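Working notes for the structure below.
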Amino acid sequence: MEINDKSRVTHYLANENRYKTMTYNRSGKSGVLLPAISIGLWHNFGFIDAIQNGRDILRTAFDLGITHFDLANNYGPPYGSAEENFGTILKTDFKSYRDELFIATKAGYDMWPGPYGNLGSRKYLIASLDQSLKRMGLDYVDIFYHHRPDPDTPLEETMGALTDIVRQGKALYVGISNYNPEDTEKAAKILKHSNTPFILHQARYSMFDRWIENGLLDTLENNGVGCIAFSPLAQGMLTDKYLNGIPEGSRAAKNLTYLDKETVADNIEKIQKLNNIAQERGQKLSQMAIAWILRQPQVASVLVGASSSKQLKENVKALDNLDFSEEELQNIKTIIT
Ligand SMILES: NC(=O)c1ccc[n+]([C@@H]2O[C@H](COP(=O)([O-])OP(=O)(O)OC[C@H]3O[C@@H](n4cnc5c(N)ncnc54)[C@H](OP(=O)(O)O)[C@@H]3O)[C@@H](O)[C@H]2O)c1
């Protein structure tokens, strides 16, 4: 489909075979099936980015059976602009597919000035979701997350806000993100008591960051909650893009992100060794990195980012080879430990 400019968008008709190749996994013990690979709008969807490219990525995603789009109030930059751009694309492209989509947003990080635009108060969460719904032009989101723990707000207040958001019909399900196992256990208990459908924990997980193996995955399994793994490619390091230096326009080349050139340099030896294993498996490193995450039964979905539809297509091919031999797993472990 060709897109000429912002004002003239060609009509989008989704690929009729979109559900034939994607794998769908149950999120914990809920009724929700998520695509094994989901798409996040943290980068590449703000006002600083070309909306045509964002539209192309989302069309490609949906055509590949990716039904889950992940946003947050502060994605952009500027804050809120990813939701606003997404709202525009939703209206032009996905309006008739709304019931085939599982849309997420979150609040928890700095969003607006003053004491009510950050962290975990009821005041912040309810106001933020109202703003997000307006920006996206939606009546409800499928899942609303508390984006990070707030040590100074009682967990009962934060979880109570999530419960009321569901009762108000503004979200169908709730989730938490970046909570440690202890707080996750407490949150699950509170939400269970109020019969609030808590179905997902969104956590950073990749070959370069394995903290969730240390208790969180067990906690989620015990509570029937699914895991969705973010930054699975360590923001691009677990791909072949940095093997020969830092390409212009890449995340590490920009000053906007949490990935810098020094971090890439520190990891390059490991990246090269992992790339060799991926090649022996007949896979790209990005595909092996995604497959390695999906070996965890608690992980319902791997939440990737992409700056082009080409990257996304490459990443989805990870599903062609999800099996690892014991020897491969051991060799990977030796490199990343
Ligand atoms: N809950 C939270 O606190 C939290 C935090 C972070 C992220 N998230 C969510 O997780 C999503 C994914 O996070 P992330 O963007 O950090 O994930 P990621 O998948 O680790 O990194 C995505 C980046 O890697 C590069 N890339 C992807 N596929 C590639 C390929 N095949 N070949 C070469 N380079 C490739 C691209 O960077 P270039 O721009 O360099 O091309 C892309 O933007 C976010 O969009 C957001 O929805 C949540």
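Values for this structure:
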{"read-out": "Count of region 257-311 residues which are hydroxyl-bearing (Ser, Thr, Tyr) and either buried (at least 20 other Cβ atoms within 10 Å of the Cβ) or modelled with pLDDT of 95 or more (or both)", "value": "5"}
{"read-out": "Where Glu314 falls short, out of the listed (1) more than 8 Å from the ligand (Cβ to nearest atom); (2) part of a helix (DSSP H, G or I)", "value": "(1)"}
{"read-out": "Selection count where residues are within 18 Å of Gly54 (Cβ to Cβ) and not in a loop (DSSP other than H, G, I, E, B), scope region 99-129", "value": "3"}
{"read-out": "All positions within region 14-39 that are under 16 Å from the mean Cα position of the chain (by Cα) and of a type in the set (Gly, Ala, Ser)", "value": "Ser27, Ala36, Ser38"}
{"read-out": "Filter result for Glu328 (of a type in the set (D, E, K, R), touching a helix residue (DSSP H, G or I) at 6+ places or on another chain (Cβ under 7 Å), more than 10 Å from the ligand (Cβ to nearest atom) and more than 27 Å from Lys106 (Cα to Cα))", "value": "yes"}
{"read-out": "Residue in region 26-38 that is of a type in the set (Lys, Arg) and in contact with a Leu (Cβ under 7 Å, 6 or more places away or on another chain) present", "value": "yes"}
{"read-out": "Matching entry among Gly87, Gly28 (being of a type in the set (Gly, Ala, Ser), part of a loop (DSSP other than H, G, I, E, B) and touching a residue at least 12 places away in the same chain (Cβ under 8 Å))", "value": "Gly28"}
{"read-out": "Residue list for region 54-84, filter: among the hydroxyl-bearing types (Ser, Thr, Tyr), farther than 22 Å from Met22 by Cα and either outside any helix (DSSP H, G or I) or at pLDDT below 95 (or both)", "value": "Tyr75, Tyr79"}
{"read-out": "Test: residue in region 231-254 that is within 23 Å of the chain's Cα centre (by Cα) and more than 12 Å from the ligand (Cβ to nearest atom)", "value": "no"}
{"read-out": "Leading residue by the ranking (surrounded by the most Cβ atoms within 10 Å (Cβ to Cβ)) among those in region 199-228 that are among the β-branched types (Val, Ile, Thr) and within 13 Å of Ser301 (Cα to Cα)", "value": "Ile228"}
{"read-out": "Top-ranked residue of region 130-145 - restricted to ones that are free of Cβ contacts under 8 Å to residues at least 40 places away in the same chain and closer than 20 Å to Gln202 by Cβ, ranked as surrounded by the most Cβ atoms within 10 Å (Cβ to Cβ)", "value": "Val141"}
{"read-out": "Qualifying positions in region 12-69 - in contact with a helix residue (DSSP H, G or I) (Cβ under 7 Å, 6 or more places away or on another chain) and of a type in the set (Asp, Glu)", "value": "Asp56, Asp63"}
{"read-out": "Every residue from region 61-87 that is in contact with a Phe, Trp or Tyr (Cβ under 7 Å, 6 or more places away or on another chain) and among the β-branched types (Val, Ile, Thr)", "value": "Thr67"}
{"read-out": "Within region 146-164, considering residues that are without any contact (Cβ under 8 Å) to a residue 60 or more places away in the chain and within 19 Å of the chain's Cα centre (by Cα), the one nearest to the ligand (Cβ to nearest atom)", "value": "Arg148"}
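The values are calculated or read from the model by the stated rules, or taken from the named source; none is laboratory data. Note that this is a predicted model, so its numbers are computed, not measured. Please note: Cβ atoms are built from the backbone with ideal geometry, for glycine as well, and neighbour counts cover all protein chains shown.
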